[in-house]
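Step one of this worksheet: look at the structure below.
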Amino acid sequence: DQTTVLIIGAGPAGLVLGNLLRAKGIDTLILERGSREHVQARARAGFLGANSARVLTEHGLAAGMLHNGRLHDTCAFRDASGEFELNYGKLGRGEMHTVYPQHDLVTDLIAEYLDRGGELRFGVTVTDVDAETATVRFRHAGGTGEARGRFLAGCDGSNGVTRQAIPAARVTRHARDHGIAWLAVLTQAPQSMAAVTYAMHDNGFAGHMARSPEVTRYYLQVPPGDDPAAWTDERIWAELGVRMRVDQFGPLRQGPVTERRIVHLRSDIIDPIQHARLFLVGDAASLISPSAAKGANLAIMEAEILAGALTDALTRDDDHALASYSRTCLPRIWRAQEFSHWMIALLHGPTRTEPDAGFEHALRRARLDSLRDCRAHQDFFAESYVGI
Ligand code: RFL
């Protein structure tokens with residue numbers, strides 16, 4: 001198999017990249033491990049920032065998002081001292097989120113990519129990657145095979161194989177386990193509050209995020225290594241009630257829990273995110289904790305930058321943007337990591353191993369007070385929360 005740009009992985013990163021290259025008439029082949037049904041049903045992100053909405057709209061990929069997505073502009077913080085709301089759509093740059101589930105976006109992007117004449121094979125697992133020759137070996141139901149491109153895009157997520165193709169001596173890895181885990185829950189229930197709500201409690205963090213009129217996501221901080229099966233529907237709703245302080249703020253709209261899984265808050269960035277003919281995009285380049293809902297947004301941002309750079313190289317013989325792809329992306333990646341890290345510190349109490357928990361508690365109180373009272377801080381928060 002021979003193509004111009006060989007893309008590994010059909011998540012938001014690979015599919016946005018593939019669509020943008022097809023729009024320029026560039027040949028692409030996407031190899032995806034999962035089945036089409038599997039990737040179209042995999043519920044993950046939901047909050048698209050302003051840049052993501054722009055990229056999708058400008059490149060003709062936003063029909064589903066514009067039709068079924070909902071604008072979202074407010075978040076709320078709850079703790080023992082009360083609750084305050086930030087209408088971030090009126091702060092900072094005045095930007096809002098669009099709430100549109102990632103698997104619906106992936107479904108739209110696959111249909112559009114095939115319409116644009118893109119090649120896509122499901123059920124193909126890439127096992128070996130050669131960044132110098134842009135060649136991969138893969139396994140599928142029919143046996144094994146090889147594919148080659150002029151360029152290779154690694155869009156295979158945080159546990160993918162492409163990032164391992166960069167020789168260890170050429171790359172610095174910055175990996176951090178934040179020591180915190182969330183039980184990520186999907187419920188068949190309408191949202192309980194109008195706003196994204198972050199609740200801080202001595203039992204741990206709890207979060208509430210809209211997904212669609214019938215589906216709401218909740219998060220519960222749990223001990224790392226906890227078994228999701230130990231969390232029955234009753235236990236989940238009871239603990240959400242405690243941490244969300246329903247006695248004080250009113251009940252949650254309950255429904256069956258349809259998915260429960262443990263997400264460890266981790267960051268894992270490599271530098272550079274390119275080597276020879278290989279370019280990494282999305283979680284493959286930089287895993288970010290879900291605390292600030294940035295992962296899918298970074299993937300879409302990087303896909304647009306790489307698509308522009310590859311188009312320059314392939315249609316105008318201009319390699320400048322391609323040579324500096326990593327240098328262009330990494331400062332933005334680190335800005336998102338920094339904000340996400342700040343959110344982790346805001347949302348979670350000190351871990352038991354920390355020597356002076358009282359100090360950490362007081363800092364967290366000060367962070368919240370500053371966010372509640374200081375307009376300049378609110379503007380900065382809003383800009384960082386929706387922007388990249
Ligand atoms: P993906 O989506 O993981 O896609 C990678 C694809 O590559 C395939 N693959 C392979 N294919 C062939 N051969 C191999 N060897 C392969 N290895 C892997 C996989 O099957 C898969 O289809 O990566 P991509 O495209 O970089 O996109 C990243 C986003 O999916 C991720 O950052 C977000 O979901 C993170 N995230 C959120 N991001 C946001 O921007 N806003 C949010 O509100 C948000 N909420 C979340 C999230 C992630 C979560 N989890 C489950 C970690 C909420 C949660 C709970």
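Quick notes on this structure:
- Test: residue in region 135-155 that is at pLDDT 95 or above, under 22 Å from L306 (Cα atoms) and out of contact with any strand residue (DSSP E or B) (no Cβ under 8 Å at 6 or more places or on another chain): no
- Hits in region 234-279 - residues which are touching a Phe, Trp or Tyr at 6+ places or on another chain (Cβ under 9 Å) and under 17 Å from A175 (Cβ atoms): V263, H264, L265, I269, P272, I273
- Residue identified as more than 9 Å from the ligand (Cβ to nearest atom), of a type in the set (D, E, K, R) and part of a loop (DSSP other than H, G, I, E, B) among D312, D318: D318
- Among the residues of region 287-309, those that are near the ligand (Cβ under 9 Å from one of its atoms) and within 30 Å of G204 (Cβ to Cβ) comprise L287, I288, S289, P290, A292, A293, K294, G295, A296, N297, L298, A299.
- Residue in region 156-167 that is in contact (Cβ under 8 Å) with a residue 12 or more places away in the chain and part of a strand (DSSP E or B) present: no
- Qualifying residue in region 186-200 (condition: in a helix (DSSP H, G or I) and touching a His at 6+ places or on another chain (Cβ under 9 Å)): no
- Filter pass, F249 being closer than 25 Å to M96 by Cβ and either within 16 Å of the ligand (Cβ to nearest atom) or not charged (D, E, K, R) (or both): yes
- Residue within region 46-61 that is part of a helix (DSSP H, G or I), without any contact (Cβ under 8 Å) to a residue 60 or more places away in the chain, surrounded by 17 or more Cβ atoms within 10 Å (Cβ to Cβ) and under 19 Å from the mean Cα position of the chain (by Cα) present: yes
- Check on G118, more than 22 Å from the chain's Cα centre (by Cα), within 16 Å of the ligand (Cβ to nearest atom) and small (G, A, S): yes
- Only one of G89, G69 that is at pLDDT 95 or above, of a type in the set (G, A, S) and buried (at least 21 other Cβ atoms within 10 Å of the Cβ): G69
The values are calculated or read from the model by the stated rules, or taken from the named source; none is laboratory data. Note that the structure is predicted; figures quoted are calculated from it, not measured. Positions of Cβ are generated from backbone atoms using ideal geometry, with glycine treated the same way; all protein chains shown enter the neighbour counts.
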